[in-house]
1. For residues in the range 41-93 being open to solvent by less than 60 Å² (accessible area, probe 1.4 Å) and of a type in the set (Gly, Ala, Ser), which is nearest to GLY13 (Cα to Cα)?
2. Given GLU153, GLU132, which one is charged (D, E, K, R), surrounded by 16 or more Cβ atoms within 10 Å (Cβ to Cβ) and over 26 Å from ASP59 (Cβ atoms)?
3. How about the range 126-149: which of its residues are part of a helix (DSSP H, G or I) and either free of Cβ contacts under 8 Å to residues at least 12 places away in the same chain or farther than 20 Å from LEU6 by Cβ (or both)?
4. What strands (runs of 3 or more DSSP E) lie completely within the range 60-117 and have 3 or more residues being touching a Ser or Thr at 6+ places or on another chain (Cβ under 8 Å)?
5. Taking the residues in the range 11-37 that are closer than 22 Å to ALA135 by Cα and not in a helix (DSSP H, G or I) as candidates, determine which candidate is most open to solvent (accessible area, probe 1.4 Å).
6. Just the residues that are under 14 Å from the mean Cα position of the chain (by Cα), over 21 Å from TRP42 (Cα atoms) and of a type outside the set (Gly, Ala, Ser), please, taken from the range 57-108.
7. Can you pull out the residues in the range 97-114 that are open to solvent by less than 70 Å² (accessible area, probe 1.4 Å) and either closer than 11 Å to VAL142 by Cβ or touching a residue at least 60 places away in the same chain (Cβ under 8 Å) (or both)?
8. Starting from the range 150-165, keep only residues that are over 14 Å from GLN130 (Cα atoms) and in a helix (DSSP H, G or I), then list their pairs with residues that are open to solvent by 70 Å² or more (accessible area, probe 1.4 Å) and of a type in the set (Lys, Arg) whose Cβ atoms are within a distance under 9 Å, requiring at least 6 positions of separation or different chains.
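The values are calculated or read from the model by the stated rules, or taken from the named source; none is laboratory data. These numbers come from a predicted model, not from an experiment. Note that each Cβ is placed from the backbone with ideal geometry, even for glycine, and that neighbours are counted across all protein chains shown. Heads up: the accessible areas ignore ligands, DNA and RNA and are worked out on the full protein's heavy atoms, side chains in. Shrake-Rupley method; radii C 1.70, N 1.55, O 1.52, S 1.80 Å.
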Amino acid sequence: MSRVVLSAGSNVGDRLAHLQSVADELGDRLIGASHVYVTAPWGGVEQDDFYNVTLIADDPGRDPWDWLRLCHLLEWRADRVRDVRWGPRSLDVDVIACYDPAEVVSQHPDLLLPHPRARARAFVLVPWMQIEPEAILGGIVVRDLAAALDPAEIAGVRRTDFTLTPSAR
């Protein structure tokens, strides 16, 4: 049923392996993945830099709730601990937006779509622009959302040479 945009980040343990686990799970459903980007932590908690990636997947059999359950499963497999808000994480996977084919809007407290803070987060928008520059989030082109951010925040999202591709199963 749906196409999804996911944002994944890690700053604990083998950051790249944690992100790779997301691509591996998506397998042939993965239709686009940005390079891995390095970003400073967000939210004021002292911690290591994050590796971040944006992924686009498509699966006609999944709805937004299925994507959310998959995100939680991947975090659980990576031993994600939720004891400090915006604190260090082995893996954080967020559903940014779903399309069916139009953008899905959800006001359910457990699944707000589009993601309410994505439009203000350079670590989501910059990688997304790399793979889908004309993407729409909440009715606005992602490129325009990024252009509205502080240039220093955009500059703080640094592209690496790392890329993710699903491993053969």
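1. Within the range 41-93, the match that is nearest to GLY13 (Cα to Cα) is SER90.
2. Numbers: GLU132 fails: over 26 Å from ASP59 (Cβ atoms).
Just one listed residue meets the conditions, GLU153.
3. So the first thing to find is which residues in the range 126-149 are part of a helix (DSSP H, G or I), and the list is 126-131, 142-147.
Listed by number, the residues that qualify are ASP144, ALA147.
4. On the way: elements: 92-99, 106-108, 111-113.
It comes to 92-99.
5. Top of the filtered list is ILE31.
6. TRP67, LEU68, LEU70, LEU74, CYS98, listed by residue number.
7. Residues satisfying the conditions are ALA97, CYS98, TYR99, ASP100, VAL104, PRO114.
8. none
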